[in-house]
């Protein structure tokens, strides 16, 4: 419930590629913020990172409208001053003009790191996903590869 409250307070914009716009939000591999990270949305409602070791669950608000989605998940930190866990929440919404918008909130459990990213791109890379990234996380998901 706290996650929904946090997401409700945050707004941002990212344009999806025209192909992703036409097909809406659905299973496939997506590039977030111009390649900052890539994620795979599975048809069973789970997701994982293909360039960062994180994952969780995702859902569309209405099965009949493929233009709204929420992703939430977490990740462990290794090789970093903070040896705990990180959390990530991504909200996608469709504007009247047909563009899809995203807000990405990323934070550590102890709140030593917290950021909200807005204004980048999210693009459908391909329908068949790469395998999950299994390396160590030495930085936050929103700090790049």
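The table below gives the values:
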item	result
Residue within the stretch 41-50 that is at pLDDT below 95, surrounded by 14 or more Cβ atoms within 10 Å (Cβ to Cβ) and outside any strand (DSSP E or B) present	no
Restricting the stretch 106-125 to residues that are crowded, with 18+ Cβ neighbours inside 10 Å and touching a helix residue (DSSP H, G or I) at 6+ places or on another chain (Cβ under 6 Å), the residue that is farthest from residue 90 (Cα to Cα)	124
Some residue of the stretch 56-76 being modelled with pLDDT under 95, assigned to a loop (DSSP other than H, G, I, E, B) and under 21 Å from residue 143 (Cβ atoms)	no
Of all residues in the stretch 105-145 being part of a helix (DSSP H, G or I) and modelled with pLDDT of 90 or more, the one that is farthest from residue 52 (Cα to Cα)	142
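The values are calculated or read from the model by the stated rules, or taken from the named source; none is laboratory data. Worth saying up front: this structure is predicted, and the values here are computed from it rather than measured. All Cβ positions, glycine included, derive from the backbone under ideal geometry; neighbour counts span all protein chains shown.
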